[in-house]
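What follows is a single structure, written as structure tokens, with notes after it.
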Amino acid sequence: MFTQVRSTIRRVTPAEIDGRRLLKVVYVVLEPQYQSALTSAATTLNQEPGRLAVELSGYLIEELRDPENYAAFCADVAAADVFIASLIFIEDLAGKVVAAVEPHRQRLKAAVVFPSMPEVMRLNKLGSFSMAQLGQSKSAIAGFMKRRKEAGGASFQDAMLKLLNTLPTVLKYLPVDKAQDARAFMLSFQYWLGGSPDNLRNFLVMLANCYVYPQAGQPLMQAADPVLYPDQGIWHPLAPCMFEDLDDYMAWTAARSDQSGHQADGPWIGLVLQRSHLVTGDDAHYVALVQELEFRGARVIPVFCGGLDFSKPVRSYFFSSASSADPGQPLVDAVVSLTGFALVGGPARQDHPRAIETLQALNRPYMVALPLVFQTTQEWEASDLGLHPVQVALQIAIPELDGAIEPIVLSGRDAATGKAHTLQDRVEAIVERAIRWANLRRKPRQAKKLAITVFSFPPDKGNVGTAAYLNVFDSIHRVMVELQARGYHLEDLPSTPKALMDAVLRDAEAMEGAPELAIAYRMGCEEYYRLTPYAERLEDNWGKAPGALNSDGQNLLVYGRQFGHVFVGVQPTFGYEGDPMRLLYSRSASPHHGFAAYYTYLQHIWGADAVLHFGTHGSLEFMPGKQMGMSDTCYPDSLIGCIPNLYYYAANNPSEATIAKRRGYAATISYLTPPAENAGLYKGLKELSELVSSYQQLREGSRGVQIVHAVVETARRCNLDQDVALPDDVDALDLQARDSVVGAVYRQLMEIESRLLPCGLHTIGKPPTAEEAVATLVNIAALDREEEGILGLPSLLAAHLGRSIEEIYAGNNGGVLADVELARRINDASRAAIGAMVAVVTRRDGRVDLTTRPNGWQQLLSRLEQWINRLMGRQGLSPWLRTLINRGFATVDQEALDKLFVYLQGSLRQICADQELDSLLRCLDGEYILPGPGGDPIRNPGVLPSGKNMHALDPQAIPTRAAVAAAKQVVDQLLQRQRQENHGAWPETIACVLWGTDNIKTYGESLAQILWFLGVQPKADTIGRVNKLELIPLEALGRPRIDVVVNCSGVFRDLFINQMALLDQAVKMAAEAEEPEAMNFVRKHALAQAAEQGTDLRRAATRVFSNASGSYSSNVNLAVENSTWEEESELQDMYLRRKSFAFNGENPGQLSMER
């Protein structure tokens, strides 16, 4: 996956020296646009008459991963006069740069490093100007650098621009002997930001004159001052200049004679560009996009910025000017960023709140298209992985935190020149989708057509119209009623959800494909092939259309029902569920003709303006294709076509929602999952609980022995003897032993009773019941939140009793009768106290209501104000404190309790703040949807309220320190239990499965657990990203290193491929550590495997596995459900064939089949 391009193809050497002075320059940059400009500058100098010749060697930072390239880089640096670097923000590669350059820094005549990580910036050296003491020096420049670095990447570069503009003032405060060198550094930055071949030519000449050959007596060649470009402005390929004033650009646009009449009323599309591409002349992809937009009738405002805060030109040029009739109003109908970066900030730090504030004010769809940066076009096209993992992290995951959608590749990269070149089919896709999003805002609601898509999974089980945690048809009915009320054209809307379901399914128990399903359209094969350009590709797997699925033998059938301008359709299934061979080898499978016909119908026949996939989850986003960065041959891209894709997704499943965003181009809208409630007890278990309660009162008398007899007999009848050691002779037990038996049974009862089950199904737009709100808040209140300084309610109540909650839970788990009862008492008191709080805002129908109702809002506000007064001790007792006092917790810490309940009160507001329907309606109106994290609302109430454009997290931020601390506790407890069960022996190997959603919810706890098994500590770099590891010495670890086998889900692989590389690195670090085999089971096993297989130690230490790139799931569950197996060994073989692709962190794009 890492680029294999050899840097030698772009080396520039003079044809002849002819007595000229030779300047040897080496550069390394993050992005390729400077390559062609530097090459042009060096070539020009070599062709000019004069006294200077240039030898130029250039590298992209990612090319240094290749050993051959890195060796060449080190050799070039060793022979160089000048070293140049820019935007080196990848920790491990920054270390490589420093290792190669630092030994030669004193010898180098000049080292010029533009914004990069601090350790790389310290390489700067121009005469007496140095940053070697960056962070320590008290000079004006060093202090400035330190402050701006701390402020973040965007503010650093923007502040540098300001500094360049005020350079004379700054230089007044520098010592005279250093002023010229400081000025030279600032001048260098001006040349670099100017970026044109002429500016870079003069930059090289300036360095040669002043630092490489200053003894020449006179300049070798003349260096003109930098040509400066606007810090921000508007660019158009046909315009005579860059515009710094919006009115000037609009006047030029209005006066254009080359535009056709249909553009006069076309949508306005705002484009966000990098100035460096414009000034370096690497703008072919920008030109192509502007031309395609205008060709299709759109009008454009392409803005640029010299720094990394792109919110500034957005605010300056995407709103009407002060001189307009209606100033400050959004001008554009949609925004497409072509920078690939976050709106505020570059590859280092970002300011997402400022970005979101800007985008909220603009309130337009925000797309981010991607130029290929770290790989060539050919490498991308040939890769199953698709985009380079670093680019996924920097240019997909991070912009998603701003609310970005539709990460479509925009342009390719030429290996020799580094220049971007147009990928015309991708440009057309971006343009058409942007115009469609813009038209959602411009088109009248009465005319818009929405296709609601429901799923059928697993197939053939009466599961049509199901989704995770969601009451689908009740929700669809509420959505349709609301659409009709808002002016959408609906006809024959059924009066009830049941009637709606019957209209679509005819039979609620109908099997997928059965004739009972309503047929919306019969598509003939000629029409299908004419409208589906990729149909012939499906024939390798399915033969000629129509095939046997979603077909009557003559036509392809589209199932669903039309209600005016709303269509409710049934997405076809994968199609290979009953075929064991396709299950086994489905990596190369494709959608069947019926699946393709469904989306062809939506786009080309019914003419949907948007599709709404209803609930978690469908199949489209999991169809074969690249993992990230789709091409036109990837099936998710082919299927969705150019229809805006809206997707209701469960808030607790951000990992698969992210797949829908990145592979299916979905704008996700989160919906609340029902709270988990205690399962409770029933039948014999309830009788057993009553016996335990009786024993607690009569334990010391003769009646106590009889009750224990009954407890043991009933426990056996309830099959608890499988989990609890029950005595054969109760009469022989003393009081303490009887207590232990009853305590163990009680503990098991408590565990069964407290198992969490979802409270029914969620309905879109329906407020929670008081019972549901209490269940959620009880779970939220159970956690200590150190970062907010909040103790959980169980901890507070335990402290009231002079105990720690951990001690009580340990006693409960050990079957100590008193602690089991105490744990129950604390749990019941917590539930009652929170119930008292929720009761204040509960309606008569049992639902919580915090909405702005004319007659009730003042009353609710008054009640909330009373809460605040009570919290401040102004009057009375709060309902929750009164409840706790009544239950025997009179001396609980009231200050800590009130702090907790203020937090819970805020959580209640978020639980009840229903934005699910509103966000859908705003999305259909072409507006911006507020982004927010997905995950567990119990651990992170920031997931609430629902209705957000859900994102995962910055993959480079996990595992967090809190996750590492929690992981250590879990691993230590597990190892202790394993030793207890195995006569003191340490387990040598632990098998682990990593899931995407689990690691998002816990911020990497599972990942941290595996590292702790290995005795490896994750380390954050200087800008807070976790991409370094440290082997913990055995003396500090205090135990052997445990070997691991790690299987990653396909979703985890897609989202956290950099973390997979960390795991692979951690295992190999442990295997290569020169330690006794008795204390390092990783090394012990790897050495044995290397000897057995005749391979090297690193290959033998392969421990991280997943599916092949672009493939998901083991499919074992489908084989079981469809009875497509006979021997258990067939299921084992299926699992191994699907999940045994070995991951190598040194080449993450190539997963090889190894068992």
Please state which of the following conditions Ala966 fails to meet, knowing it meets all the rest: (1) modelled with pLDDT under 85; (2) closer than 30 Å to Phe614 by Cβ.
-> (2)
Could you tell me which of the residues Leu920, Leu900 is closer than 25 Å to Pro794 by Cα, surrounded by 17 or more Cβ atoms within 10 Å (Cβ to Cβ) and in contact with a helix residue (DSSP H, G or I) (Cβ under 8 Å, 6 or more places away or on another chain)?
-> Leu900
Restrict the check to the stretch 1052-1068 and report whether at least one residue is part of a strand (DSSP E or B), assigned by TED's automatic domain parsing to the domain that holds Ala985, among the β-branched types (Val, Ile, Thr) and touching a residue at least 60 places away in the same chain (Cβ under 8 Å).
-> no
Give me the pairs: first residue in the stretch 623-645 and assigned by TED's automatic domain parsing to the domain that holds Ile669, second residue part of a strand (DSSP E or B) and among the aromatic types (Phe, Trp, Tyr), beta-carbon distance under 8 Å, and six or more apart or on different chains, which are they?
-> none
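One line per residue, one yes/no per condition, for (1) in a helix (DSSP H, G or I); (2) at pLDDT below 85:
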{"site": "Thr616", "(1), (2)": "no, no"}
{"site": "Glu621", "(1), (2)": "yes, no"}
{"site": "Cys642", "(1), (2)": "no, no"}
{"site": "Ile669", "(1), (2)": "no, no"}
{"site": "Ser693", "(1), (2)": "yes, yes"}
{"site": "Gln696", "(1), (2)": "yes, yes"}
{"site": "Glu700", "(1), (2)": "no, yes"}
{"site": "Ile707", "(1), (2)": "yes, yes"}
Return yes when Arg824 is over 30 Å from Glu482 (Cα atoms), outside the structural domain of Ala896 (by TED's automatic domain parsing), among the charged types (D, E, K, R) and touching a residue at least 40 places away in the same chain (Cβ under 8 Å) and no when it is not.
-> no
Based on what the data block shows, is Ala782 modelled with pLDDT of 80 or more and in contact with a Pro (Cβ under 7 Å, 6 or more places away or on another chain)?
-> yes
Candidate set from the stretch 518-547 (those that are among the aliphatic types (A, V, I, L, M) and in contact with a Leu (Cβ under 6 Å, 6 or more places away or on another chain)); member that is modelled with the highest pLDDT | Met523
Among the residues of the stretch 25-65, write down those that are buried (at least 19 other Cβ atoms within 10 Å of the Cβ) and among the acidic types (Asp, Glu).
-> Glu31, Glu55, Glu62, Glu63
Output for the stretch 88-108, where each listed residue is within 36 Å of the chain's Cα centre (by Cα) and of a type in the set (A, V, I, L, M) = Ile88, Ile90, Leu93, Ala94, Val97, Val98, Ala99, Ala100, Val101
Positions within the stretch 1028-1042 being surrounded by fewer than 24 Cβ atoms within 10 Å (Cβ to Cβ) and in contact with a strand residue (DSSP E or B) (Cβ under 8 Å, 6 or more places away or on another chain), in sequence order | Lys1028, Leu1029, Glu1030, Leu1031, Ile1032, Leu1034, Pro1040, Ile1042
Would you mind finding the one in Val409, Val427 that is in contact with a Lys or Arg (Cβ under 6 Å, 6 or more places away or on another chain), touching a residue at least 24 places away in the same chain (Cβ under 8 Å) and assigned by TED's automatic domain parsing to the domain that holds His388?
-> Val409
When Ser946 is run through (1) touching an Asp or Glu at 6+ places or on another chain (Cβ under 8 Å); (2) more than 30 Å from Lys443 (Cα to Cα), the failure sits at (2)
For the stretch 283-321, name all the residues that are under 30 Å from the mean Cα position of the chain (by Cα), in a loop (DSSP other than H, G, I, E, B) and not aliphatic (A, V, I, L, M).
-> Asp283, Gly306, Gly307, Phe310, Phe318
Taking the stated definitions as given, is Leu761 modelled with pLDDT of 75 or more and touching a strand residue (DSSP E or B) at 6+ places or on another chain (Cβ under 8 Å)?
-> yes
With respect to the numbered conditions (1) surrounded by fewer than 17 Cβ atoms within 10 Å (Cβ to Cβ); (2) touching a residue at least 12 places away in the same chain (Cβ under 8 Å), which one is the sole condition not fulfilled by Thr997?
-> (1)
Go over the candidates Pro330, Pro302, Pro267, Pro313 one by one and state the one that is farther than 20 Å from Phe341 by Cα, at pLDDT 90 or above and crowded, with 22+ Cβ neighbours inside 10 Å.
-> Pro267
Search the stretch 186-245 for residues being among the small types (Gly, Ala, Ser) and in a helix (DSSP H, G or I), and hand back the single one that is surrounded by the most Cβ atoms within 10 Å (Cβ to Cβ).
-> Ala208
Right, Asp936: of a type outside the set (A, V, I, L, M, F, W, C), more than 17 Å from Thr673 (Cβ to Cβ) and touching a residue at least 60 places away in the same chain (Cβ under 8 Å) or not?
-> no
Filter the stretch 1079-1100 down to residues that are closer than 14 Å to Leu1014 by Cα and either surrounded by fewer than 15 Cβ atoms within 10 Å (Cβ to Cβ) or not charged (D, E, K, R) (or both), then give me how many there are.
-> 6
Residue pairs meeting the criteria (Cβ under 8 Å; at least 6 apart or on separate chains; first farther than 8 Å from Pro674 by Cβ, in the stretch 757-779; second assigned to a loop (DSSP other than H, G, I, E, B) and among the charged types (D, E, K, R)) = Gly765/Asp914; Lys766/Asp914; Pro767/Asp849; Pro767/Asp914
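The values are calculated or read from the model by the stated rules, or taken from the named source; none is laboratory data. None of the values given here were measured: they were computed from a predicted structure. Backbone-built Cβ (ideal geometry, glycine too); neighbour counts: all protein chains shown.
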